[in-house]
1. Applying the Karplus parametrisation 6.51 cos²θ - 1.76 cosθ + 1.60 with θ = phi - 60° to the phi angles of the stretch 537-544, what ³J(HN,Hα) value in whole Hz is obtained for each residue in order, glycine and proline being reported as x?
2. Test of understanding: what is the full-extension gain from Ala399 to Asp43, defined as 0.36 nm times their sequence separation minus their Cα-Cα distance?
3. All other residues with a Cβ under 10 Å from the Cβ of Ile68 taken together, and with Lys, Arg as +1 and Asp, Glu as -1, what is their net charge?
4. Residue-wise, which Karplus ³J(HN,Hα) couplings in Hz belong to the stretch 56-71, taking 6.51 cos²θ - 1.76 cosθ + 1.60, θ = phi - 60°, and x for glycine or proline?
5. Calculate the translational D of the stretch 414-512 in whole µm² s⁻¹ from Stokes-Einstein, where the hydrodynamic radius comes from the Kirkwood formula applied to all Cα pairs, the temperature is 10 °C and the viscosity 1.306 mPa s.
6. Explain nothing, just the number: dipole magnitude of the stretch 488-570 about its Cα centre with +1 on each Lys and Arg Cβ and -1 on each Asp and Glu Cβ, in debye rounded to the nearest 20.
7. Report the net charge of residues surrounding Gly253, where surrounding means a beta-carbon distance below 9 angstrom and charges are Lys +1, Arg +1, Asp -1, Glu -1.
8. For every helix of n ≥ 4 consecutive DSSP H residues, a contribution of -39,500 (n - 2.57) applies; sum these over the chain, divide by its total residues, and give [θ] at 222 nm rounded to the nearest 500 deg cm²/dmol.
Amino acid sequence: MRYVLSQGHLFAVVEEDISLYAYDTLFLENLNLKTSPPSRLVDFIALSDKNIRLIYAIGKNVIILRDILLEDGYREKLLFFNRRERPIKIKLGYAYSMPFQDIMENDYPQFSIKRNIVKMGGEFIYRGLDGNSRILQMKIPRGEVEIPPKNKVEEEFRAIPGIKGDFKLSTFRKSEFEIKSCYSSKREEVYRMAIRDLKKLLVKVEDSLFPIAGLPDFGAIFGRDSLWTALFLLDRHPQLAKGVLTILSRLQGKKCNGKNEEEAGKIPHEYRFGELVQAGVIPFNPYYGSVDTTPLYVILAGEYLSRSGDKKLIKALRENITGAVEWILHRLEDGGGYIRYGKGTVLENQCWKDWKKSVVDERGEQVKHPVAVVEVQGYAYWALKLAAEYELTDIDENALKKEAEKLRVRFNRDFWMGSHYALALDGENRPSRVVASNMGHLLLTGIATHEKETAERLFQRDIKTKWGIRTLSERERAYDPFSYHNGSIWPHDNAIIAMGLTKIGEIEKARELAQGLIDAFFLMGRIPELFSGLDELSPLPYANNPQAWSAAGAIKLLQISEGGMKNEIS
């Protein structure tokens, strides 16, 4: 059993024991109910996206309902019911640790901190390296309960995390985002899953609606994830795109900084509130190590304007959008005609497949840096075209069109391998000829001159399963269906491909792809970050759930399976 509860900045991971997080900090870990005589967990019910009920038994005579609720902090309501004709006494306690640990700390064990936590009354206070105070208020029930015959007793446990300090952005608050359903049967159930997940992840930042990326590991601002989430939901919920554009503009790069890879005009990869981040020990305040967020930001601005007609927002962000387009043009020039990334300070790869050895060659080795990955060139083309068409910037529109067309010509010359597009070019412009899902993103961008051939290649059995398109063909040396990026299936990746198939008129292929994913979600009972690339459907235990771009992508897939994309991406 694993379940995630969420409300604004606060989330709890409920397993046999419980972890409580807020503000990118692990406040409580291994929280568990202890009784004497001992109790055993017999079942659980997810009552809502912020409320779960765990059911315990002590022998045959005592039932314990442990209602966990996120409401003004973390709260447990304990109900002890005595089925016997005489009173029963139960000793009650909690086991837990209180690490006050930065959520990123496990990834950086060399920076582990010995913390001094001070108790003042009912509060535990830790003043961090960043000068900010992290506070946990605790209320723990008494040590013994006596339950009258055929009756009940209630107790309560509370833990309220807090933080005091100065940040570039205000900490998250609960949003009031609501969506009404319009589907039935299996689609209705998948739609409900998607909405439940999104409601856990949509927060208010300042006064803007914004999707944090995923729980538990990615409960933070991620540029790429938020941009795709907004694009998936753009036709129905443009207010989300408005929020994403507004907040990412606030964090846009202004100068060159080698430590966090900031550059003028660049849109960030990630921003976190944790102690090590805020103290400057690790570079996520914010971190700019991605090369696709900036063109995706321009794309969202153009698509948002085309859909909403909100000239006021685009005018307010004109300087930011101009800076982003200038960054694209500079990177194309510096990269010999392509947007490339070197081996960064944190991430070896800086496209959406950003894990180690996720951009590979035919030998199964990491493509040598600086890498020009295939889909990013398509995003750059799409961004330049939109910037010109909708006059989003202060740059001459005709000049932008010319740059876009020059990019399109050289891209199709250098990346086309005769039957598919290369995954990437290395630093010497040698192509990685592996067959990967990345080329499917091109169908949405307009850069590819071999759209139909690309669609056909993606539907061959070495890369497409009955559930979706793998990230990497099973014929490749690096293929591993249980890996993060080299053979698994990602819902958001498939949603992008399905949108592209629809755009080029491959409606039946788009519906087939969408339906496979919908079937998988229904059978798994969840919409995960990723799942195994086997034909035998298999969830992966390390996949985050909920995940914003997975949930939003599922809504897009439902829409495609029902008949295409009316008023969709231009």
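Each value in this text was obtained by applying a stated rule to the coordinates, not by laboratory testing. Please read these numbers as outputs of a predicted model, since none were measured by experiment. A quick note on method: Cβ atoms are made from the backbone with ideal geometry, for glycine too, and the neighbour counts reach across all protein chains shown.
1. 4, 8, x, 10, x, 8, 6, 6
2. Numbers: separation 356, 0.36 × 356 = 128.16 nm, distance 6.38 nm.
Answer, rounded to one decimal: 121.8 nm.
3. Working: positive: Lys50, Arg53, Arg66, Arg75, Lys77; negative: Asp67, Glu76.
Summing Lys/Arg as +1 and Asp/Glu as -1 gives +3.
4. Listing the rounded values in order: 10, 9, 10, x, 9, 10, 10, 10, 10, 9, 10, 8, 9, 9, 9, 7 Hz.
5. Working: Rh = 13.5 Å.
Answer from the Stokes-Einstein relation: 118 µm²/s.
6. Working: 6 positive and 10 negative charges, 55 e Å.
It works out to roughly 260 debye.
7. Numbers: positive: Lys254, Lys255, Lys266; negative: Glu261, Glu262, Glu263.
Local charge sum for Gly253: 0.
8. Values: 14 runs with 175 residues, N = 570.
Mean residue ellipticity at 222 nm (helix-derived): -9500 deg cm²/dmol.
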